[in-house]
Structures are given as structure tokens and as C-alpha cells.
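First up is the structure itself, then whatever we jot down about it.
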């Protein structure tokens, strides 16, 4: 195998491994919100450093490939896309970590089931998990159409986030003593919304890499 | 493709060295004026034959047959005399080849001498100085103009050969892997020179060095087995080529 191809293959494996780790970070932190599982949150928190290590490794692999092999065409698009996917994945993991830290810092907070149902946070968690998995599928199989749904899912996640403020405000009015846990929930929802945005950025990079299409700042409907 | 005016128009060109073996197969393309056009492709793809056909050097091979046209502006080069054509379309080769018995000065105006064109001393001086200045060699050699050309370094010799081509004030300069025998510093100088020269000349370059094509050319052709597979702006070829075969070649997955 050519040297460049070896480097690209190893980069691909590292990104896929990082992606799987980030998926588990997001799904565990989501589950921790819903089940108030502090141990699970602790696990997410512990693994954050592993994500950071992947980010550094992938950054340096990209830098070396560009410096030493001057990739062109699809190889160049791959390296550029991976470079950006890498930082998006790292940001996503940061949000998962943020959620886990919040849960650990406030072990006594327990969310009301009614609030969870009304804000649709469960749907939000399952949507961002789906978006991450679809992105990985598209990347692994080099099929950009696998990532096409991510844009509309992000729209749905944004909607849930937009509606949450009103729902939570109403709840606080009725239950002023639970304002603190409500603020915690809103913070978590904001983080999930940001995760959705990063998934959408990743989908754009997948289209750039596979189809050479620039979707950034374009309407995707 | 950009819409700059074209200078050369290759129309259904086919060239065969043997009766049944086509080296160039029905190639059509227009070459933009004041631009650098690179021709790439694996060995034996016909790129050098195509380049040589532009000033009819390929006719030096016995039994060669050529079909189709190449127009320089509106004139078919196959209806022109080769002497007239080669004044308008100069050629620089892979290895620097200054005439070893001639001085630097004589090398630059060798074309006039070989063609029996008599110039006044002042005209000759003028041509030598301008041509050497155009290739950024004047300052380096102005005090040794009457020394033999082969004491120069490889890169200087190649610039001398380009000066010799420029002396005839051609419209088009053809270069066949002009830097493959040079070190990276001399290569960089020639590349900078070519980019400067395109202000006044049209340059067609055959190169095996893909990063060179990427660095300096405006448009690139990719040839394979005598066919012109893809011809587009260089940026397009190196970021998103249309043909798998081009992609395989430029990414090194060829064969």
C-alpha cells in the first residue's frame, strides 16, 4: 500500500474510534439526565480526557499528512473534512462532559417527570444520538445521503430548544421552589441544542468530502 | 474554464508513429493566451508528442502521420513553414542544452545566426540583453557574456535556453519537463520565471511533477493512452476532478 494510503487509513480508523467514543459520551450523558444516574455522569466525566487525546492525535495526523504528502482531490477533501469533524466531535464531547459535570455538582437535583415530558428533552436526546450515528454511518460507508436527514433533525432539535424556555417558565411559576432544577434543565437543553448544531456542521463536511459540495451557509431544504 | 482569449486551437488531432498505433487520439482543446497550461499523464500517454506537435517537432520522427489541425490564431500550423512556425512557437527541453561551443552571447542569438538573419551589432546587443533580463540571468552573466555557456549551473543553463527561445519573441513557449534535471532552488527560480513570463507569452508545459503543475499552471490537461481525458482549470483538477482516471492519477492511485 502506498504510504499516503496507509496514513489516510489510519486517520480514518482514529476518527471512527473517536466518533464511537463521542457517541457513547453523548448517549451516556443523556441517559444520566433522564435517570439521574450520577455514576454514569461520573463515567462520562472520566472519559473526557480520552476524547481530548483523540483530538490532539487526529490534529497532528492531519498536519503531517498535509505537510508530508500534499494530498489532492478526494484525499485533500478527506483530510480537510476530518480536520473539521475532529474539532466538532471534540466540542460535542465537551457538551456531554458539561452535562455530566452539572449532574455531579448537584447530586440532590431530581427532575420532575412532567417537566421531562413537557419539554420533550427525551426526544431531543434521542435525536442528537441519531444524528451522530447517521453521521458516522455516512462517513464510514462514504455515502453522503446517509447524512442528509441530519439537517432536518437539527431543525427539530432547535424547535424543542426554542419551545423549552416558555414551558420551563410556566413550570417555575407553578413550582417556584423548583427553579434551580429548572435552570439546570434549561442549561442541559442548550447544550443538547449546540450538539445538534455541531452534528449539522459534521454533515456539511461529509457532503464536502464525498460530493465536493459546499453546503455551509446554504439552505438545506 | 475562464473566458480569456485563446491562442491555439487543437482540432481533432491524431498522431501515429506506426500505422496502427496512435500516440495522440483525436484530441481537441483550446489553449488560453497569456496562461500556463500544463499537460500531465503517465509515461507513454502522448503528452510529449502533443507538445511537440504544436511546433511540429514530432515530424522529425520517420513514418509519422498526423491528422487534424492546430491553429495558431487562425492559421493552421500545418500550412505554415516550420521555420516561421518555430519562430512563433519556441521549445525548451528537459535537459538544458546550450550550444557547448558558443558563448552565452552567441547562444542567445543562435536562432538568428542559424537562420542566416543578419542583425546590426546594436540590435544583437539589444536582443541579448533583453532576453537575458527576461529570464533574470542578465545580472549574473553580464560580465561573462563571451564565455562558453556550459560553465553555468544547470539552472542558469536552463534559463539561458529559455532566453534563446525568447530572443525570437515567440507567441508561445513549449516546455518539456523543463525542471526535471534541476535542484529545488533552480526549479523554484524557473517556476517563478514562467509565472512572470506569462504576462507576455503563452506557456504550455509538460510535467511529471504534479505539484509543479498545481503550483504554476492556470489550466491542466490530463492525458491517458493518447486521449485527452480531462481539461479544466488547475484548481478544479486538483480539488475535484471530474474523471476517476484523473483522480487516480493525481492522487497517486494510478495503475
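The values are calculated or read from the model by the stated rules, or taken from the named source; none is laboratory data. Predicted model only: the values in this text are computed from it and were never measured. Backbone-built Cβ (ideal geometry, glycine too); neighbour counts: all protein chains shown.
Residue A:71 satisfies every condition listed in (1) over 25 Å from residue A:167 (Cα atoms); (2) in a helix (DSSP H, G or I) except (2). What do you reckon, is residue A:53 farther than 15 Å from residue A:88 by Cα and either within 18 Å of the chain's Cα centre (by Cα) or at pLDDT 95 or above (or both)? So residue A:53 does not fit the description; no.
In region A:213-221, is there at least one residue being surrounded by 13 or more Cβ atoms within 10 Å (Cβ to Cβ), in contact (Cβ under 8 Å) with a residue 12 or more places away in the chain and part of a helix (DSSP H, G or I)? No; the residues of region A:213-221 include none that is surrounded by 13 or more Cβ atoms within 10 Å (Cβ to Cβ), in contact (Cβ under 8 Å) with a residue 12 or more places away in the chain and part of a helix (DSSP H, G or I). Are any of the residues in region A:31-46 more than 20 Å from the chain's Cα centre (by Cα), on the phi > 0 side of the Ramachandran plot, surrounded by fewer than 17 Cβ atoms within 10 Å (Cβ to Cβ) and away from chain B (no Cβ under 14 Å)? Among the residues of region A:31-46, at least one is more than 20 Å from the chain's Cα centre (by Cα), on the phi > 0 side of the Ramachandran plot, surrounded by fewer than 17 Cβ atoms within 10 Å (Cβ to Cβ) and away from chain B (no Cβ under 14 Å), which makes the answer yes.
For region B:190-202, does any single residue satisfy the condition of being buried (at least 16 other Cβ atoms within 10 Å of the Cβ), within 11 Å of chain A (Cβ to nearest Cβ), out of contact with any strand residue (DSSP E or B) (no Cβ under 9 Å at 6 or more places or on another chain) and over 28 Å from residue B:11 (Cβ atoms)? So far as region B:190-202 goes, no, none of its residues is buried (at least 16 other Cβ atoms within 10 Å of the Cβ), within 11 Å of chain A (Cβ to nearest Cβ), out of contact with any strand residue (DSSP E or B) (no Cβ under 9 Å at 6 or more places or on another chain) and over 28 Å from residue B:11 (Cβ atoms).
Screening region B:208-220 for residues that are surrounded by fewer than 23 Cβ atoms within 10 Å (Cβ to Cβ) and farther than 20 Å from residue A:75 by Cα and picking the one that is farthest from the other protein chains (Cβ to nearest Cβ) gives B:218.
Is it the case that some residue within region A:65-77 is more than 14 Å from chain B (Cβ to nearest Cβ) and touching a helix residue (DSSP H, G or I) at 6+ places or on another chain (Cβ under 7 Å)? So far as region A:65-77 goes, no, none of its residues is more than 14 Å from chain B (Cβ to nearest Cβ) and touching a helix residue (DSSP H, G or I) at 6+ places or on another chain (Cβ under 7 Å).
Taken over region B:221-241, the residue count meeting the criterion of being in contact with a helix residue (DSSP H, G or I) (Cβ under 8 Å, 6 or more places away or on another chain) and within 11 Å of chain A (Cβ to nearest Cβ) is 6. The conditions of being surrounded by 18 or more Cβ atoms within 10 Å (Cβ to Cβ), away from chain B (no Cβ under 14 Å), more than 20 Å from the chain's Cα centre (by Cα) and more than 24 Å from residue A:130 (Cα to Cα) are met by residue A:61. Looking only at residues of region A:13-27 that are surrounded by fewer than 20 Cβ atoms within 10 Å (Cβ to Cβ) and in contact (Cβ under 8 Å) with a residue 40 or more places away in the chain, we find that the one that is farthest from the chain's Cα centre (by Cα) is A:14.
Being within 14 Å of another protein chain (Cβ to nearest Cβ) and either assigned to a helix (DSSP H, G or I) or without any contact (Cβ under 8 Å) to a residue 24 or more places away in the chain (or both) is a property that residue A:7 has.
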